[in-house]
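One structure is given below, encoded as structure tokens.
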Amino acid sequence: MKVIIALAALAVVAVTAQYPSYPSYPAPAYPKPSYPKPSYDYAPIPYNFAYAVKDDYTYNDFGHQETSDGYAKTGSYYVLLPDGRMQTVNYKADENGYVADVSYKGEAQYPEYKPAYSKPAYPSYKPAYPGPAYPKPAYKPKYN
């Protein structure tokens, strides 16, 4: 058994001696950049914004208001729901996460459905001619 292991090791050494190893090169040396490394650490910028939309024709009524001191954001938004209620969300977002308080004003209303479509005032289309001007065939087709 020892002889077989020794012969196997000798064979491995002989095979690796036939093939040269790949050359090794030193790591490339690049000059340091002449410009300074950019810093992405910006100072916090406080802001405040708000918008509102109220369109009676399309029944759209919604808005949003937000304030930030650069770190935490607080605000609210509202929307008039199709059932007549007003949904308002007051929120705060900071390093601890997003916390929202959702409230509803009003009572949900579901009026009776009345289709908006009615029959047209004009008559439906009918061809001006009574039927074909040629006679019916005298034979009976095979596919009937």
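The values are calculated or read from the model by the stated rules, or taken from the named source; none is laboratory data. Since the structure is predicted, the reported quantities are computational estimates derived from the model, not experimental observations. So basically every Cβ, Gly included, is an ideal-geometry build from the backbone, and we count neighbours across all protein chains shown. The protein model used for the area step is the full one, side chains on, heavy atoms only, and it has no ligands, DNA or RNA in it. Shrake-Rupley method; radii C 1.70, N 1.55, O 1.52, S 1.80 Å.
Name the residue, out of A93, A116, A43, whose mean-square fluctuation peaks in a Gaussian network model built on the chain with Cα pairs under 10 Å.
A116
Pick out which of K73, K114, K54 has the largest mean-square fluctuation in a Gaussian network model of the chain, springs linking Cα atoms closer than 10 Å.
Comparing K73, K114, K54 in the GNM, the peak value goes to K114.
Can you send over the solvent-accessible area of V3, 1.4 Å probe, protein chains only, in Å² to the nearest 10?
Accessible surface of V3 is approximately 100 Å².
What spacing in nm lies between the two simple spin-label points modelled at Y25 and A138, each 7 Å away from Cα in the Cβ direction?
9.8 nm
Take A9 and K32, extend 7 Å from each Cα along the Cα→Cβ direction, and tell me the distance between the two endpoints in nm.
Simple spin-label model gives 5.0 nm for this pair.
With the other protein chains left in place, how much accessible area per residue, in square angstrom, belongs to the stretch 75-144 at a 1.4 angstrom probe?
Heavy-atom accessible area per residue stands at 99 Å².
Cα axis of helix 2-18 to longest principal axis of the chain: angle in degrees, 0 to 90, nearest 10?
Orientation of helix 2-18: about 80 degrees from the principal axis.
For the chain, with a Gaussian network of springs between Cα atoms less than 10 Å apart, report the residue from P44, P115, P123 with the top mean-square fluctuation.
Greatest mean-square fluctuation among the candidates belongs to P123.
Mind listing which trypsin sites (Lys or Arg not before Pro) in the stretch 76-134 are in a DSSP loop and have 16 or fewer other Cβ atoms within 10 Å?
R85
Quick check for you: which residues of the stretch 44-64 have the amide N under 11 Å from the point 7 Å beyond the Cα of V79 toward its beta carbon?
61-63
In whole percent, how big is the carbon plus sulfur part of the accessible area of the chain, probe 1.4 Å, protein atoms only?
62 percent
When we measure straight from the Cα of K126, which lysines land under 26 angstrom away, once same-chain ones fewer than 8 places off are left out?
Hits, sequence-local ones excluded: K136.
Protein chains only, probe 1.4 Å: how do D101, D56, D94 rank by accessible area, largest first?
My answer, sorted largest first, is D56, D101, D94.
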